[in-house]
Amino acid sequence: MSDKVCYHCGLDCGRSPVEFNDKCFCCNGCKTVYEILNQSELSCYYDLEQTPGSIPKEIQGKFDYLNNPDIAEKLISFSDETISVVEFYIPSIHCSACIWVLENLGKLNPAIINSLVNFPNKTVRINYKTQEINLKDVVELLTSIAYEPYISLEDADKSAKKVDKTLIYQLGIAAFGFGNIMLLAFPEYFETQEFWLDRFKYMFRWMMLFLSIPVVFYAAKDYFITAYKGLLKKILSVDVPIALGITVLFLRSCYEVIADIGPGYFDSLTGLIFFLLLGKYFQQKTYNFLSFERDYRSYFPIGVTKIVNGKEESIPIQNVKQGDRLLIRNEELIPVDAIIIHGEAMLDYSFVTGESAPVYKGNGEKVFAGGKQTGGAIEIDVINEISESYLTELWSNDIFNKDSNEKDIKSMTDTISKYFTIVIVSISIIAGIYWAFRDFGIAAEVITAVLIIACPCALALSAPFAMGNMLRIFGYRKFYLKNDAVIEKIDKINHIIFDKTGTITTNDSSVLSYSGKKLTTAENKALKTVIRSSNHPLSRALNNYIKITPYLETVKNYQEILGKGISGEIGKFVIKIGSAGFVGADKQDDLNTTIYIRINNTIKGFYKSKNIYRSDVEQVFSQLSKKYALSIISGDNEGEKKYLESILPPNTEILFNQKPQDKLDYIKDLQEKGKNVMMVGDGLNDAGALAQSNVGIAISENVNVFSPACDAIMEAKLFNKLPKFLTLSHQTISIIKWSFGLSFLYNFIGMYFAVSAQLTPLVAAILMPLSSISIVSFVTLMTNLVANKR
């Protein structure tokens, strides 16, 4: 045993301590954690408690119940032999430093693969290595760094969250202090030479001082804490001027009472804090009422294929019930937790874990929602009800967000807010100095009124509420955006590219016709068995066209090559379906889309497909051509080029025989020329192009197109509404700019009255939250009006 203990965890450093920065550590791991915190200016972490890296005795054994597999299963979202995913609600998340620490858990324990914080919801989503750490260890790690998760097993299925009533208590204390101080201060408002007043007014003043202490140090503590932590991180938050105003008013009032020169401003001080908290409370109520948190996306226009009495039917995803039998094709997402009944699965769980290595699952094994099938078709039985919120959360995962170096409204707002605070503090100091020479008693009130009335809150709230409300409106109208940033990206688009098959055409099987050798019943069954594994629009059309029951056998060696075709083995049949080049056939028709059939090295014939275009294609392209450059890009041949040229605007570029890589390269080329590109495709076969584009929109026609590659999903029947959706996005940005102007106007007028000593801190405290509520109401009302007009 040595005399030295580890600076981080408190354990004995042993005979070979690790020394760094004049501190002793028991291992390089503790040293690394200290370095991380120190480099990120979070060394104050060690000021809160000695040896904070140790697991406190009070939590040792507290979470042993999490070792129970049945309990752990209720909390874990996903788990296999290598990776598990869990999400916790953590009430103590409150600032940017919290986000930094929680998103760097992997540096505290290498078994944590990654962690992602949802700050508004106060949740953290953690991916960890199943073989190296268990759920209990993860919870203990969080608790040891003061982020104990709230775990309620009774409400696990409902994701219930503990209600934080701190604001209610603070408001109550402020109301009590304000009311009583007003009673005590009231006699001095009408001060006359009166015996009892002269005798007791000094006691009243001291009572007011003592009553103000809990109001300032408890009810208003959040303003001081947030301002202090922001300053530690070199951030001038909006709470800095408020904390300064409260401090100036409190110190000035204490000085007057202690020096016996006046009653102070305790009534204004406690009234200020009361109305600030009351405004915050009503803000929360207003925001909750206008809340656009992911509820509007609860019903995606996604369909799944349900098997009923051997027949396939497409149903909305929200209608899936426990016990249903579902068919999952190649490249489709598994929407629910289920058991594999038929077929072999190679699942890509990158949507859930970020790891793309496929995982094999056979008959009878459990599969989790969010996995993507990368082989032939499988049949699954649903064991849990559908959770749209889980899928939408995956969709919004930052892992799949597109990188952008462009300045957005949020960064602009943050910059304005930063300099706004500096300007306001400077003005308050100058105004205070000016009034100190004219009337020292007024100076404190002027400083406080300036600091309180000029608030960038309204500026910061206008953008998220305008875009958030428009997200909700889009959702009601079946146009689903990944997040509010997509609206801003749409506003910058100047070139739109459309895929042809499944996007501007419909998936209609009645336009297929067969030419060639007649297929036997066995060959047709084998052909359908292979085709039903594919989700390509032509495959789905052909699957519907062939009216026969497929084999129940699993397709072996299934392969699908985008832009070419599919192949697989079923029983004694080796089948290839696709383009002439893919199956090794001579082209029979250069003008129409053809699907060639090869069975056991024999070319059997081909299906000819005549596309049916959506009825509003001509109208949509005509409207869009007034503002955007347009392109159509397709993997099909040029058979319908003349028809398209006759119905589309003359400046529309039409490209045929384009492979998936060609589409992606075409978009890259436009972007290198400075274009902001929107890609509209079917969501599966255009995944690469959707991901490369600045905005990717997947057209849904009763198929499972749920993919992280797209920024938006739109029901196919609303294709004619696309120009209106784009126009509404532009108008939303205009509304935000108008709200910025109103916010600046409010602050300018308020500053004039405050600097000229015509505004008391009490009135300023009432007006400040009202300004925020008025801006939020304005953007909400305007977005509703323009949406209804459209």
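Things to note:
- Some residue of the range 38-50 being touching a helix residue (DSSP H, G or I) at 6+ places or on another chain (Cβ under 8 Å) and modelled with pLDDT of 65 or more: no
- Identity of the residue in the range 311-345, in contact with a helix residue (DSSP H, G or I) (Cβ under 8 Å, 6 or more places away or on another chain) and of a type in the set (A, V, I, L, M, F, W, C), that ends up nearest to GLY362 (Cα to Cα): LEU333
- Any hit, the range 241-252, residues being out of contact with any Asp or Glu (no Cβ under 7 Å at 6 or more places or on another chain), more than 27 Å from PHE186 (Cα to Cα), assigned to a helix (DSSP H, G or I) and not hydroxyl-bearing (Ser, Thr, Tyr): yes
- Residue in the range 621-634 that is out of contact with any His (no Cβ under 9 Å at 6 or more places or on another chain) and at pLDDT below 85 present: yes
- Taking residues in the range 89-102 that are at pLDDT 70 or above and open to solvent by less than 30 Å² (accessible area, probe 1.4 Å), and partners anywhere that are assigned to a helix (DSSP H, G or I) and not hydrophobic (A, V, I, L, M, F, W, C), the pairs with Cβ atoms closer than 9 Å and at least 6 places apart or on different chains are VAL101/TYR45.
- Filter result for TYR596 (over 41 Å from the mean Cα position of the chain (by Cα) and surrounded by 20 or more Cβ atoms within 10 Å (Cβ to Cβ)): yes
- Only residues that are open to solvent by less than 30 Å² (accessible area, probe 1.4 Å) and not in a helix (DSSP H, G or I) were counted in the range 717-766, giving 1.
Quick grid of which residues meet (1) in a helix (DSSP H, G or I); (2) modelled with pLDDT under 75; (3) over 27 Å from the mean Cα position of the chain (by Cα); (4) not β-branched (Val, Ile, Thr):
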{"position": "ALA146", "(1), (2), (3), (4)": "no, yes, no, yes"}
{"position": "LEU153", "(1), (2), (3), (4)": "no, yes, no, yes"}
{"position": "LEU167", "(1), (2), (3), (4)": "yes, no, no, yes"}
{"position": "ILE173", "(1), (2), (3), (4)": "yes, no, yes, no"}
{"position": "GLY177", "(1), (2), (3), (4)": "yes, no, yes, yes"}
{"position": "MET182", "(1), (2), (3), (4)": "yes, no, yes, yes"}
{"position": "PRO187", "(1), (2), (3), (4)": "yes, yes, yes, yes"}
{"position": "GLN193", "(1), (2), (3), (4)": "no, yes, yes, yes"}
{"position": "LEU209", "(1), (2), (3), (4)": "yes, no, yes, yes"}
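- The number of residues in the range 269-325 that are of a type in the set (Ser, Thr, Tyr), open to solvent by 20 Å² or more (accessible area, probe 1.4 Å) and modelled with pLDDT of 60 or more comes to 2.
- Matching entry among LEU527, LEU552, LEU481 (being surrounded by fewer than 16 Cβ atoms within 10 Å (Cβ to Cβ) and aliphatic (A, V, I, L, M)): LEU552
- Some residue of the range 575-591 being of a type in the set (Gly, Ala, Ser), farther than 30 Å from ILE340 by Cβ and open to solvent by 60 Å² or more (accessible area, probe 1.4 Å): yes
Matching residues to (1) open to solvent by 30 Å² or more (accessible area, probe 1.4 Å); (2) more than 30 Å from the chain's Cα centre (by Cα); (3) free of Cβ contacts under 8 Å to residues at least 24 places away in the same chain:
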site: LEU655; (1), (2), (3): yes, yes, no
site: GLN658; (1), (2), (3): yes, yes, no
site: ASP669; (1), (2), (3): yes, no, yes
site: VAL677; (1), (2), (3): no, no, no
site: VAL680; (1), (2), (3): no, no, no
site: SER693; (1), (2), (3): no, no, no
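- Residues of the range 429-445 that are modelled with pLDDT under 85 and either in contact with a Phe, Trp or Tyr (Cβ under 8 Å, 6 or more places away or on another chain) or closer than 16 Å to ILE242 by Cβ (or both): ILE442, ALA443, ALA444, GLU445.
The values are calculated or read from the model by the stated rules, or taken from the named source; none is laboratory data. Since this is a predicted model, take the numbers as computed values, not measurements. A quick note on method: Cβ atoms are made from the backbone with ideal geometry, for glycine too, and the neighbour counts reach across all protein chains shown. Keep in mind that these areas ignore ligands, DNA and RNA; they rest on the heavy atoms of the full protein, side chains included. Shrake-Rupley method; radii C 1.70, N 1.55, O 1.52, S 1.80 Å.
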